[in-house]
C-alpha cells in the first residue's frame, strides 16, 4: 500500500496479491506532519509535532491507515482502523514503512504472542515483537494480522528476508517507547494506536 499526502488530500494506492489496484483520496482537515512515503520530509514547528503526537487521525478519515510524525532523532507512528486490532495492524505497516518504501512479499510468516496489563502497554509489546522478529529473523514484514483477547494478543507477520539492494533499509528500529503512547477510540468509533519508536 502506498499512502501520500498532497496539500489537503491523502492519496492511497493498494495492490492486492492478485495484482488488483485500488486507489482513492481522502480530504484532510489537519496538518499531518508526515504520511506514508513522505516520512522523511518533516514539519518544522515544534507545536505541529506535539499536536501530531497527541491527536490521532481526524474523524473524516474512515478507512484503515497509518502515518509517521517527527520526534527528534526518532520516528513517531500511528495506525488507525475500525477496531483496535486493525489499528495495531496498520501501525505494523507504519513501522515497516519507516525502514523501506519497497514492496514486501509474503514469502514467510511468523506467529507472535504478547501479553500486557493494559491496551497501551500491549501496543508497545506488539511493536517490540515485530522489531525483535525483524532483527532475529532478518526479515521485513509487510502484512499483519492481530487478534486481541483481553490482555493477550496473537499476531501473524508476513514478509520476506531483507534484500539490502532491493529494500534499501533507511534505518533499523531499536524499540517502541512510551513517548506519545496512546491507544484510544474516537467519538466516531475509529481506533488509533500511536507511539514513538527509537531508531
Pairs with Cβ under 6 Å, 6+ apart, first in region 73-84 and on the phi < 0 side of the Ramachandran plot, second surrounded by fewer than 19 Cβ atoms within 10 Å (Cβ to Cβ)
74/198; 74/199; 75/199
Given (1) surrounded by 15 or more Cβ atoms within 10 Å (Cβ to Cβ); (2) within 22 Å of residue 74 (Cβ to Cβ), index of the condition residue 135 fails:
(1)
Working carefully through the options 111, 67, 120, find the one that is modelled with pLDDT of 95 or more and loosely packed, with under 15 Cβ neighbours inside 10 Å.
111
I'd like the residue in region 180-199 that is in a loop (DSSP other than H, G, I, E, B) and in contact with a helix residue (DSSP H, G or I) (Cβ under 8 Å, 6 or more places away or on another chain) and, out of all such residues, is modelled with the lowest pLDDT.
199
When you go through (1) in a strand (DSSP E or B); (2) within 23 Å of residue 101 (Cβ to Cβ); (3) within 16 Å of the chain's Cα centre (by Cα) one by one for residue 146, which number turns out not to apply?
(2)
Picking from 158, 126, the residue that is part of a strand (DSSP E or B), modelled with pLDDT of 95 or more and in contact with a strand residue (DSSP E or B) (Cβ under 8 Å, 6 or more places away or on another chain) would be 158
Out of all the residues in region 161-174, which are surrounded by fewer than 15 Cβ atoms within 10 Å (Cβ to Cβ) and not in a loop (DSSP other than H, G, I, E, B)?
161, 164, 165, 166
Of the residues 76, 81, which is modelled with pLDDT of 95 or more, in contact with a strand residue (DSSP E or B) (Cβ under 7 Å, 6 or more places away or on another chain) and over 26 Å from residue 162 (Cα atoms)?
81
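The values are calculated or read from the model by the stated rules, or taken from the named source; none is laboratory data. Computed from a predicted structure; not experimentally measured. Heads up, the Cβs are rebuilt from the backbone with ideal geometry, glycines too, and the neighbour counts pull from every protein chain shown.
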